[in-house]
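Undergrad: Next up is a structure, given as structure tokens.
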Amino acid sequence: MKLLVATSKTQGARENDFNHCIEGELIWIAPCCEDGEESPDSECGCGRSFAGLNSHHGTTTALVVELPGFTCSDYTEALRSSMAAQGWPPDAADEVAAGLLSFAFGWEVGTVLERRYDLFIERLVPASPG
Ligand SMILES: [Zn+2]
């Protein structure tokens, strides 16, 4: 199953990049505030970030990974508990999980993505450092 996780890859490609997530933790695409909707470069950063399910922090870079053995219901449960802990309606977890899974399905494993509010763009990953 393909999923999105937090990554530090390509951090710094944009001046306003940030990554407060745990490397490799599951993330979701949380709704934005008005500032974030207006500009992905807003100060709060919500329009350009993905949100960590464990850390509850944000990152501007997400990695598409394949997690063998991880199931749809594992994912939904992870989302449900994280969303509940953060004050989102946990009932929405099924829908959010389905949306994220079909989103991740469309990308190749290893792809690094950035978010521009409702637009998601692939970042070029340097082949090897140095
Ligand atoms: Zn915001």
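Undergrad: Mind listing the phi-derived Karplus ³J(HN,Hα) values for the range 96-102, rounded to whole Hz, using 6.51, -1.76 and 1.60 with θ = phi - 60°, and x for any glycine or proline?
TA: Once θ is set to phi - 60°, the couplings for the range 96-102 become 5, 4, 4, x, 5, 5, 6 Hz.
Undergrad: Then there is this: Report D for the chain in µm² per second (integer): Stokes-Einstein, Kirkwood Rh on Cα pairs, 37 °C, 0.692 mPa s.
TA: 222 µm²/s
Undergrad: Taking the Cβ-Cβ separation of Gln11 and Asp91 as r and a Förster radius of 30 Å, what is the calculated FRET efficiency to the nearest 0.05?
TA: Rounded to the nearest 0.05, the efficiency is 0.30.
Undergrad: Can you give the calculated 222 nm mean residue ellipticity of the chain, where each DSSP H run of n ≥ 4 adds -39,500 (n - 2.57) and the sum is split over every residue, rounded to the nearest 500 deg cm²/dmol?
TA: -7500 deg cm²/dmol
Undergrad: For the range 2-123, what does the accessible surface come to per residue with a 1.4 Å probe? Please give it in Å².
TA: For the range 2-123, the per-residue accessible area is 51 Å².
Undergrad: Could you tell me the center-to-center distance, by alpha carbons, between the range 26-52 and the range 93-130 in angstrom?
TA: Cα centres, the range 26-52 to the range 93-130: 15 Å.
Undergrad: Could I ask something else about it? Pop out the carbon and sulfur fraction of the accessible area of the range 2-123 as a percent, whole number, probe 1.4 Å.
TA: The computed percentage sits at 52.
Undergrad: Of the candidates Pro40, Pro31, Pro68, which one comes out as most mobile in a Gaussian network treatment of the chain with C-alpha springs shorter than 10 Å?
TA: Pro68
Undergrad: Just flag the GluC sites (Glu not before Pro) in the range 77-130 sitting in loop per DSSP whose Cβ has no more than 12 other Cβ atoms within 10 Å.
TA: The qualifying sites are Glu108.
The values are calculated or read from the model by the stated rules, or taken from the named source; none is laboratory data. This is a predicted model, so every value here is computed, not measured. Every residue, glycine as well, gets a Cβ built from its backbone with ideal geometry; the counts of neighbours run over all protein chains shown. Only protein heavy atoms, including side chains, enter the accessible area calculation; ligands, DNA and RNA are left aside. Shrake-Rupley method; radii C 1.70, N 1.55, O 1.52, S 1.80 Å.
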